[in-house]
Amino acid sequence: MSLKKINTVLAAAFILFILWFGAEFILSPETTAPGFGLPNLPAGDGGGFLIIKGIRDVVLALVLGILLVTGHRRALGWALLVEALAAYGDMATVLAHHGSVATALGVHCLTATVMVVNGLLVMHETREVAAAPATPAPQPV
């Protein structure tokens, strides 16, 4: 299997995972929130923040999806690298609020790290294409 196919499958898996997770937070935040890793659910009107987290995830997935579908592979690599910061931020939030270390590392850190690897692989894949000459060399007659 080529590097491009592996990168595409991995990026598509991230898109579907992030989209699914975001939709779960929008549609059923009270049942999805415990899996995030924080020790306490927001009280009172704080549940709205869970929906905001879901909307953030859906938007992140849509950005990756648009770049993948339109073939903007180099931009996809950069977006994967940048969007991994959201997952690292989630990890830091869980750890800072005395949440589950296993979830912080096993879900958020692992997701972010694999996103970084996927982003770097896409950048490597497109580096070779970017270095190729734009016009073919003239052929001898």
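The values are calculated or read from the model by the stated rules, or taken from the named source; none is laboratory data. Remember, predicted model here, so these are calculated numbers, not experimental data. Don't worry about glycine lacking a Cβ; one is built from the backbone with ideal geometry, like all the others, and counts go over all protein chains shown. Each accessible area value is taken on the protein alone, full model and side chains, heavy atoms only, with ligands, DNA and RNA left out. Shrake-Rupley method; radii C 1.70, N 1.55, O 1.52, S 1.80 Å.
Condition check: within 23 Å of MET1 (Cα to Cα) and not in a helix (DSSP H, G or I). Does GLY71 satisfy that? Yes.
Taking (1) in a helix (DSSP H, G or I); (2) in contact with a helix residue (DSSP H, G or I) (Cβ under 6 Å, 6 or more places away or on another chain); (3) over 20 Å from THR113 (Cβ atoms); (4) not aromatic (Phe, Trp, Tyr) in turn, LEU41 satisfies each apart from (1). May I ask you to list the residues in segment 1-37 that are open to solvent by 90 Å² or more (accessible area, probe 1.4 Å) and over 17 Å from the mean Cα position of the chain (by Cα)? Hits for segment 1-37 are MET1, LYS4, LYS5, LEU27, GLU30, THR31. Figure legend. Inter-residue proximity from segment 1-17: first residues more than 17 Å from ARG127 (Cβ to Cβ) and among the small types (Gly, Ala, Ser), second residues open to solvent by 30 Å² or more (accessible area, probe 1.4 Å) and assigned to a helix (DSSP H, G or I), beta-carbon distance below 8 Å, spacing 6+ or different chains. Indicated pairs: ALA12/LEU68. Starting from residues that are farther than 19 Å from PHE21 by Cβ and either among the basic types (Lys, Arg) or touching a strand residue (DSSP E or B) at 6+ places or on another chain (Cβ under 6 Å) (or both), keep the ones in segment 43-95 and report whichever is least open to solvent (accessible area, probe 1.4 Å). It comes out as ARG73.
Going through (1) at pLDDT 95 or above; (2) open to solvent by 30 Å² or more (accessible area, probe 1.4 Å) one by one, ASN40 falls short only on (1). Apart from one condition, LEU105 fits all of (1) open to solvent by 40 Å² or more (accessible area, probe 1.4 Å); (2) in contact with a Pro (Cβ under 7 Å, 6 or more places away or on another chain); (3) assigned to a helix (DSSP H, G or I); (4) not acidic (Asp, Glu); the exception is (2).
Residues of segment 75-124 that are more than 24 Å from LEU38 (Cα to Cα) and touching an Asp or Glu at 6+ places or on another chain (Cβ under 9 Å): GLY77, GLY119.
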